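The values are calculated or read from the model by the stated rules, or taken from the named source; none is laboratory data. Quick caveat: nothing in here was measured; it's all calculated off a predicted structure. Please note: Cβ atoms are built from the backbone with ideal geometry, for glycine as well, and neighbour counts cover all protein chains shown.
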Amino acid sequence: MSVKVNLNSDKKVATRESYGNALVEVGREHENLVVLDADLAGATKTEIFKKAFPERHIDCGIAEGNMMGIAAGLASCGKVPFASSFAMFATGRAFEQVRNSIAHTKLNVKVAATHAGISVGEDGATHQCCEDLSLMRTIPNMVVINPCDDVEAKAAVQAAYEYDGPVYLRFGRLAIPVINDPETYKFEIGKGVVMREGKDLTIFATGLEVYESLVAAEKLAEDGIDAEVINIHTLKPIDEELVAASLAKTGCAVTVEEHSIIGGLYSAVCEVAAKKQPTKILAIGVEDVFGHSGPAKDLLKEFGLDSEGIYNKIKEFLK
Amino acid sequence: MNKLELQKHANEIRKGIIQGVHAAKAGHPGGSLSSAEILTYLYFVEMKNIDPANPDNPDRDGFILSKGHAAPVLYAALAERGFFPKEELLTLRKIGSRLQGHPDMNELPGVDMSTGSLGQGLSTAVGMALAAKMDNKNYRVYSLLGDGEIQEGQIWEACMFAGHRKLDNLVVILDNNGLQIDGNIKDVCSPYPLDEKFLAFNFNVIRVDAHDFDALAAAFKEAEETKGMPTAIIAKSIKGKGVSYMENNAGWHGKAPNDEEFEIAMKDLAEIEASLCQ
């Protein structure tokens, strides 16, 4: 059964905004929730939390490695820290601190990174992290979540708080359509979500590519191609059962991610396929290149990561 | 506890270091031996609410061995303090042992934070000290750093934050033995001057002889009385202290004694023990 999806909503929200708002909601209920930032509170939207609970917002300055260590120390004393920066710095600069001080220790820290992927836009290659999912997926004990819209992002923050252990949350800068139904939506770590049922091929998508994939699926339907669209919000642990079942049903698959095709969703799905349901799978993502400056929308189009690009690549793949 | 008793404990800890490293045929004796008095003082005098029967007491003082490769001294101190039987020191670095090559908080009760990757422990100590301030708790946090370790930039990120936040419940102890794996710290990449660096990060700075219990007592007292800023105790030490051939020799940073060397080391420590008992 697919969930209720609205592709015609006028409402657009960046998931970083959802993150900031969710922190206030969850933080209001739980006093042990604390938020750390590294001089990017305005951009990561933790400033929303800072306004509501200034005494629980800790700005560490531009020192991401130290911030991760402080978060680990706070967690060892019973706090539930959400440590925020851009994906580039949270998972790149501070990779080893996340690995050794947070994941190896199994401390209850949530690494919540914004500005992931090429949709960072104008800041260009140095800030467009397309390696974060890959980096975080390789670390033992780490749960890796990449929500697809406002509804899911807020639910993910709540779920991450309730989960005892390290979690990586990926958020974006670009405002994207709200496609999930807030009344009926249920989030469960590790469970994929069937957004659209189909029988001809499976599109596994994550993050903002879920919406783009759903739009592409509608265009494919006009050509008589019935695509199943599955939202993989949790890349680790991935929903092996659902992935394998859908592969068995359609026998043909595509992965779509605003991330390198090395180590992220494509790798995660292929790992399941190789083990449980060998299938030819097309990778749509950032193809082992750096990004560059430009408006986010234009970049997504240039990299073939908008609905049109996805549609074209799938048509080519199915020839 | 009187000075003689502390000296005896320190010597027992040194024996534990040598026994563990010898049994493991690997490990870091030099920087463990240099900090034996510091850990003795912390675990037998300074730190409050340290109880082997209740190692997770949320009100206990915390100790973070930022120079995590000195795990043998932490293990020997915990064993000496009664956290586990001394025989277990002989399992150091072996498969299935709780005494991992670097301290693991999820393996061994009494280890407050897993460390080993240099530069990271101090940040976690800062987080613990900050948690105490946020919760209006009285526990204090102690972190032992190597003088080579402070070449890591993260140490200074942590110091900047601790000074900025006026974490007067944080005490940094610098094991200033002057040697790192590749040689003299002055030759490798000098971190000197030390005092001025910590002063510049808004720390209270105290210099002591790392092997003098009276000096350590005075320094920790001053640290506790210092309000509005963290304290750095720069403890001038002798790497390999207590074992004749290891003293001031960088070669013993990360090498285990063979059987013959082990006998000499244990004889050296037995002589110290005998001198203490006279």
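Some observations on this one:
- You will find that of A:Thr184, A:Thr206, A:Thr202, the residue that is assigned by TED's automatic domain parsing to the domain that holds A:Lys313, in contact (Cβ under 8 Å) with a residue 60 or more places away in the chain and among the β-branched types (Val, Ile, Thr) is A:Thr206 and no other.
- Among the residues of segment B:31-49, just one is in a loop (DSSP other than H, G, I, E, B) and touching a helix residue (DSSP H, G or I) at 6+ places or on another chain (Cβ under 6 Å), namely B:Ser35.
- Number of positions in segment B:122-143 that are crowded, with 24+ Cβ neighbours inside 10 Å and more than 7 Å from chain A (Cβ to nearest Cβ): 5
- Cβ-Cβ under 6 Å pairs, at least 6 apart or on other chains, segment A:266-281 side over 22 Å from A:Asp200 (Cβ atoms), far side of a type outside the set (Gly, Ala, Ser) and surrounded by 18 or more Cβ atoms within 10 Å (Cβ to Cβ): A:Ala268/A:Leu235; A:Ala268/A:Ile238
- Residue in segment B:144-154 that is within 11 Å of B:Pro230 (Cβ to Cβ) and either in contact with a strand residue (DSSP E or B) (Cβ under 8 Å, 6 or more places away or on another chain) or within 10 Å of chain A (Cβ to nearest Cβ) (or both) present: no
- Conditions (1) in contact with a Gly (Cβ under 8 Å, 6 or more places away or on another chain); (2) within 14 Å of chain B (Cβ to nearest Cβ); (3) on the phi > 0 side of the Ramachandran plot: number failed by A:Gly61: (1)
- Of all residues in segment A:124-151, those that are crowded, with 24+ Cβ neighbours inside 10 Å and in contact (Cβ under 8 Å) with a residue 60 or more places away in the chain total 12.
- Listed by position, the strands (runs of 3 or more DSSP E) enclosed by segment A:222-317 that each have at least 2 residues that are over 22 Å from A:Leu169 (Cα atoms) and either modelled with pLDDT of 95 or more or of a type in the set (Asp, Glu) (or both) are A:227-231, A:253-260, A:281-286.
- Among the residues here, B:Asp61 does not qualify as away from every other protein chain (no Cβ under 11 Å), within 20 Å of B:Gly254 (Cα to Cα) and either of a type in the set (Asp, Glu) or buried (at least 21 other Cβ atoms within 10 Å of the Cβ) (or both).
- Residue satisfying condition, being over 30 Å from B:Asp168 (Cβ atoms), out of contact with any strand residue (DSSP E or B) (no Cβ under 7 Å at 6 or more places or on another chain), in contact (Cβ under 8 Å) with a residue 12 or more places away in the chain and β-branched (Val, Ile, Thr), within set B:Val45, B:Val111, B:Val21, B:Val73: B:Val21
- Residue satisfying condition, being hydroxyl-bearing (Ser, Thr, Tyr) and within 14 Å of chain A (Cβ to nearest Cβ), within set B:Ser114, B:Ser97: B:Ser114
- Of residues in segment A:96-140 being hydroxyl-bearing (Ser, Thr, Tyr) and over 23 Å from A:Cys77 (Cα atoms), the one farthest from the other protein chains (Cβ to nearest Cβ): A:Ser119
- The set of residues in segment A:90-118 being surrounded by 24 or more Cβ atoms within 10 Å (Cβ to Cβ) and out of contact with any Pro (no Cβ under 9 Å at 6 or more places or on another chain) consists of A:Ala90, A:Thr91, A:Ala94, A:Gln97, A:Ser101, A:Ala112, A:Ala113, A:Thr114, A:His115, A:Ala116, A:Gly117, A:Ile118.
- Where helices (runs of 4 or more DSSP H) fall wholly inside segment B:181-272, the ranges with 3 or more residues that are farther than 18 Å from B:His9 by Cα, of a type outside the set (Lys, Arg) and without any contact (Cβ under 8 Å) to a residue 24 or more places away in the chain are B:194-200, B:213-225.
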